[in-house]
Amino acid sequence: MIGVLKGLVQTWKTHWRKPVTVQYPDERLPLQPRYMGFPGLIWDQAIGEPFCTGCQVCMRYCPTQCMYVTMQDNPKQAAGESKRRKIVETFTIDISRCISCAICVEVCNFDAIEMTHAHERAGYYPDVVPDLPQLLKMSEDFRAQRGQKPARETRDVL
Amino acid sequence: MITERRLDTVDMHINVGPQHPATHGVFRMVLRVDGERIVDCVPYIGYLHRGFEKLAENEEFQEVIIHLDRTDYIAQFNNEFCYLMAVEKLLGVKPPERAEYARIILAELNRIVSHLMFYGAFGGDAGAITPFLYAFRERERLQRLFESVSGARLMHFYFRAGGLKEDLPEGFLEEVRRILPVLKQGIDECDTLLTENEVFLSRTVGIGAISAQEAIDYGCTGPILRACGVREDVRRSDPYSLYPTLDFDVPVGKKGDTFDRYLVRVQEMRESIRIVEQCLDRIPEGPFRTPIPRYPHYRVDPGEVYVHTENPRGDYGIYLISRGGVQPFRVKLRSPCFCNLMALPAMLRDAYVADAVMVLGSLDIVLGEVDR
Amino acid sequence: MADEEQGPAPEQAQEQPQPAAEATAAAEVRPAARPRPGQAPAVPAGQREPPKPEAEALAADLAQAWEGIAFEQRFNFSDLEVTIAPQDVLEACRRCKGDSRLSFDWLMCLSGVDCETHFEVVYHLYSYRDHRRLTIRARLEDRDNPAVASVVSVWKGADWHEREAAEMFGIDFPGHPNLTPLLLEEGVEERPLLKSQPLVPIFADRPGVVQQPEGVP
Amino acid sequence: MPASLDATLRLVVLTAFIFNTVLVLVYVERKVLGHIQQRLGPMRTGFHGVLQTPADAIKLLVKEDLTPTTADRWVFRLAPFLVFVPVFMMFITLPFTRELAVRHLDLGIFYLVSFSSLHIVGMIMAGWGSDNKYALLGGVRAAAQLISYELPLAFAILGVVLLAKTLNLQEVVELQATAPFLVLQPLGFLIFLISSLAELSRTPFDIPMAESEVVGGPMIEYSGMRWAMFFLAEYANLFVTSAVAAVVYLGGWLWPFLPPADLAGGWAAHLVGLAWFMAKTFALILAIIWLRGTLPRLRIDQLMGFAWKLLIPFSFLNLFITAAAAVYGGFLLLLGWVATGGFAYAIYAVSRRRP
């Protein structure tokens, strides 16, 4: 009987406290700086091309095998604008299979891929297989959000 | 004149699971019941089998950590801790002191998270709806800390051979220090709500009791074994990492029943807070990782090692065989729930259907770890 | 180091050491097979630490208690490890639990191992009384019909471990009360953990998902 | 007005009242439980989620009504109505104020007690008709529980009847103008409250529906409108049981004061009376919700033991003391309660289990 009454007092006291939950779409809890959402590709602003050379290391180490990458000869290298001999041609991530483990970031030799804060992919027509421009945009938006300069002016290459 | 008539009764088979609110995942047990009383119980597992051991043999030592997070998905840091100790033993490296303390802090906080999860789910099994929300309120504070450390809320992938992925974020230790008193109060509130409640006591005391001898025979470990009065904790009896230098108690129960298991876990949360407090005082500045050559794709010397640690659910063991190279040859996971679950039919002798739910809840099974 | 590396540094330096060997010419796709032979180290990993005094005492106890059972012993990471023949397993385990000098009351782990040439069943034992560990290794030389006596009669906790080893490797455990499949779905004929069993790529035959080319693990 | 038209009108108004009350109750319960758990409860539909329950009701009405192929078709389909109708019938004699009731019955309390146990039939039919083992288990549990708790409930209320010397609810209320029967019948009130919690199958006695064990019990196979009927019955029952407790023990519309009947043409008295009645009823409902937010669930054998070993003997004791007081004088009542209190404490002290 005493225990039951103690419990009742406890719930009574809690009832008057401020709720800890928030109304999600109207109000979002802040993400931590290290938050790992889905991966995005980084744009090399100095040259105007992605850092990614399409070397497929991430693709091979991806535990869910959700990536597909191909590589091409870099036209800018022929023109003398870039030192990269090869450049990414297509880059697709099936983010319905991506587990946000960041092992692609870890194995990347060129620091070309990063974990963005993008995580809300729900929608009537969710785009679960972003291609190269979308992946670049994810990273760009992410950097814009965090106060870094978006690379919009050099986007005309793609 | 009295005529004696025999009434023929038939035992009924009740299929609890694979999808049932009481099974905490996809687990199935077939109960043979005589009215409300259980005559027999046959557990079936394997609904969440993902072939962890096969996957691990085909991936690098580093990538296996990802799958380990997904075995016991409520105590991820503890799993990574265990596996990396095995890898580090084979590699012959020792993590720096800062990394050791960081690992202990995170593992102990994760133990609290796991026990809070148990507390909430157990209350739900008993039919109380509020404990779950109380537990998650407290759990959320720690989850946010974990997010700030590793970037993920559940699948952390943060420990690395030789240390950590990156240093603890700035202000993390102060945040932990600030949260601990709040957490203590939260645990006290949870305690008030359930531990002394007469209804809860009548549902748990004396239910699903198992003797110490039987528990050892079945290979039960962790809170299940300690509830039987066996003062066994891998952190004390087969110490690893820096646990020998830390001061903490190993709470034990008396009767080995459902209530003792509950009580052991609640007390363990307080002990974990004590450990974290000590670690916070001692954690030094310095490097967070001992460099290993060819960092993500390191080669491991041939050899084999069995390492076990004290996970929230019990003794988590990893048997790791390396034949040299970048991939493990064989990884066997000795998951505590897998062994604890074996004792379920013994615990359900002469119990009621409602008790089956409570006993299963008191085992605190995580099916990702049972089925692997 | 390839010349790509001299490009402008990314704005967000990732906190990880640059793997020097991996950054070779990115133009060629490296061979798909990942496992590479490791060089044999000067000291085997297991012999780096000297044996614990408990382990040496255990070896002495074992020699007495296991009279009549042939075994070879070695120290692995300061713990004792013994190898025995499969026909001795049941008797050895019985003495391990029953003999007052040993009193290994807890079977920590029971694992099957496919060593490509033979099978092994490894028993990790622990004594709550003396707090010491023992590893028993049974070599199953017969690759076609691997069998070792079940130890369920000694430790009840061996039950599911043996069922798992049986379905994953095809090892038979005569004397087991209920050696039925445990984890796999019904009707699976393969023994998944055999080294000869390849790991099938996920969603290998499902259209519409991102497919990886042949040869990528 | 012809009698038939009058009756029809009253029933229509009553039905509308029940539906609206249930909507309000569901909303209140979700909100209160939310705040007990430090969350907000429904917030998105309308202002602070007030339209959530109407939305849910509409959703339930347009959902597909499934019948399992192996179910006993007629039994399965009829059961929700057999659960709802007895609850609806109980409303008929409920006196909201002195004038406001569908019908003042001279055998009001008898009528209430007899109808309060009828919905068990519907529960058993639902459990049997679903052809589901969980439902069957839940149905059998419901039968055992509801019948066991019917006894202490009836005996507890009999104490009031002995003091009031009438079965008419209106007259029972009129007798409470100076003090409610709670003062004279504290033990009876407690027993009544506990038994009605069990009758309502609410926490800690929600064993027939126990969602962690039998996953909703008799309602497991129901969907759409038929499930909504169960829901409706459950919350209507919650209201009517609290209302009966308020009328019988807490003085209904009358206590603690009522403005003179001639004030503002009698309307003020009417409204104040209704307000008192509703306030008491909702206070009891909130207490029941509060209990639900705090307590775990008992087990079926403990529940039966509680009914037969504790509640029924104490309800007999209550009846005995009340009867003695009614015959020999009021002082015995006081003596009786003191003795009962001591007795109860002794039992508690003996049976108390320390962790």
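What follows draws every value from the coordinates through simple rules; no lab data is involved. Fair warning: this is a prediction, and the values are worked out from it, not measured in the lab. Quick reminder, even Gly has a Cβ in these numbers, built from the backbone with ideal geometry, and neighbours come from all protein chains shown.
With a ≥ b ≥ c taken as the square roots of the eigenvalues of the C-alpha gyration tensor of region D:1-111, please select rounded if a/c is under 1.5 and otherwise prolate if a/b is larger than b/c or oblate if it is not?
oblate
Counting Cβ atoms of other protein chains within 10 Å of each Cβ in B:327-334 and taking the mean gives 5.
Considering the options C:158, C:57, C:107, tell which one lies farthest towards the positive end of the dipole of region C:46-169, charges being +1 on Lys and Arg and -1 on Asp and Glu at the Cβ, about the Cα centre. Farthest along the dipole direction, towards plus: C:57. With Cα atoms as the point set, the radius of gyration and Dmax of region D:82-235 evaluate to 17.0, 54 Å. Each Lys and Arg Cβ is given +1 and each Asp and Glu Cβ -1; about its Cα centre, region C:46-169 then shows a dipole of about 420 debye. Note that region A:34-145, at 25 °C in a medium of 0.890 mPa s, gets a Stokes-Einstein diffusion coefficient of 172 µm²/s from its Kirkwood radius over C-alpha pairs.
Here is the tail figure for the protein assembly as shown: Cα pairs spaced more than 43 Å apart come to 49 percent of all pairs.
Taking max minus min of the alpha-carbon positions on each principal axis, chain D gives extents of 63, 59, 43 Å, largest first. The spacing between region C:137-184 and region D:129-185, judged by their C-alpha centroids, is 61 Å.
Once the dipole of region B:51-366 is set up with Lys and Arg at +1 and Asp and Glu at -1 on Cβ about the Cα centre, which of B:155, B:114, B:187 lies farthest towards its positive end? Farthest towards the positive end: B:155. Just tell me which lysines come within less than 23 Å, Cα to Cα, of residue A:18; anything on the same chain fewer than 8 places away is out. Result set, ordered by chain and number: A:6, B:184, D:31. Annotation for region D:136-209: trypsin sites (Lys or Arg not before Pro) lying in DSSP loop with at most 11 further Cβ atoms inside 10 Å of their Cβ are D:165. The charge dipole of the protein assembly as shown, taken about its Cα centre with unit charges on the Cβ of Lys, Arg, Asp and Glu (plus for the first two, minus for the last two), comes to roughly 2560 debye. Which aspartates and glutamates, if any, have their Cα less than 20 Å from the Cα of residue A:83, not counting same-chain residues under 8 positions apart? Once the sequence-local aspartates and glutamates are set aside, what remains near residue A:83 is A:44, A:49, A:73, A:111, A:156, C:3, C:4, C:5, C:11, C:22, C:28. Other residues with beta-carbon under 14 Å from the beta-carbon of residue C:176 carry, at +1 per Lys or Arg and -1 per Asp or Glu, a net charge of -3. With 25 Å as the limit on Cα-Cα distance, the pairs of B:254/D:309; B:255/C:52; A:76/A:137 that go past it are B:254/D:309; B:255/C:52. Among rounded, prolate and oblate, which fits region D:195-335 when a ≥ b ≥ c are the square roots of the eigenvalues of its C-alpha gyration tensor, a/c under 1.5 means rounded, and a/b larger than b/c means prolate? Because a/c hits 1.5 or more and a/b fails to exceed b/c, region D:195-335 counts as oblate. Please name whichever of B:348, B:62, B:288 sits farthest to the positive end of the charge dipole of region B:51-366, dipole taken about the Cα centre and charges placed at Cβ: Lys and Arg +1, Asp and Glu -1. Of the candidates, B:62 comes out farthest on the positive side. Partner shielding of B:132-142 amounts to 3, given as the average count of beta-carbon atoms from other chains within 10 Å of each residue beta-carbon. A simple count of charges around residue D:226, restricted to other residues whose Cβ falls under 12 Å of its Cβ and scoring Lys, Arg +1 and Asp, Glu -1, yields -1.
Just how large is the dipole of region A:34-145 about the Cα centre, in debye to the nearest 20, putting +1 at every Lys and Arg Cβ and -1 at every Asp and Glu Cβ?
Working: 11 positive and 14 negative charges, 49 e Å.
Computed charge dipole of region A:34-145: roughly 240 debye.
Checking every one of the chymotrypsin sites (Phe, Trp or Tyr not before Pro) in region B:173-268 against DSSP loop status and a limit of 10 other Cβ atoms within 10 Å picks out no site at all. List the GluC sites (Glu not before Pro) within region C:50-94 that fall in a DSSP loop (any state other than H, G, I, E or B) and whose Cβ has at most 11 other Cβ atoms within 10 Å. Passing sites in region C:50-94 are C:67. Taking every C-alpha pair closer than 8 Å and separated by at least 6 residues, the mean separation divided by the residue count of region B:140-281 gives a relative contact order of 21 percent. Pairs of Cα atoms nearer than 8 Å and 6+ residues apart set the relative contact order; for region C:46-169 it is 23 percent. Each pair of Cα atoms in chain B enters the Kirkwood radius, and Stokes-Einstein at 4 °C and 1.567 mPa s then converts it into a translational diffusion coefficient of 60 µm²/s.
Cross-link reach is defined here as a Cα-Cα straight distance under 18 Å, omitting same-chain residues fewer than 8 places apart; for residue C:156 the lysines meeting it are C:97.
Which longest uninterrupted range of chain B lacks any GluC sites (Glu not before Pro) assigned by DSSP to a loop state (not H, G, I, E or B) and surrounded by at most 11 other Cβ atoms within 10 Å?
The segment B:5-169 is the longest one with no such site.
The alpha carbon centroids of region A:53-78 and region B:125-152 are separated by 39 Å. Specify the longest stretch of chain A that does not include any exposed loop site, a site being one of the chymotrypsin sites (Phe, Trp or Tyr not before Pro) with a non-H, G, I, E, B DSSP assignment and at most 10 other Cβ atoms within 10 Å. By the stated rule (loop sites, at most 10 other Cβ atoms within 10 Å), A:17-123. Rounded, prolate or oblate: which fits region C:115-181 when a ≥ b ≥ c are the square roots of the eigenvalues of the alpha-carbon gyration tensor, with rounded for a/c under 1.5 and prolate only if a/b beats b/c? Oblate, since a/c reaches 1.5 and b/c is not below a/b.
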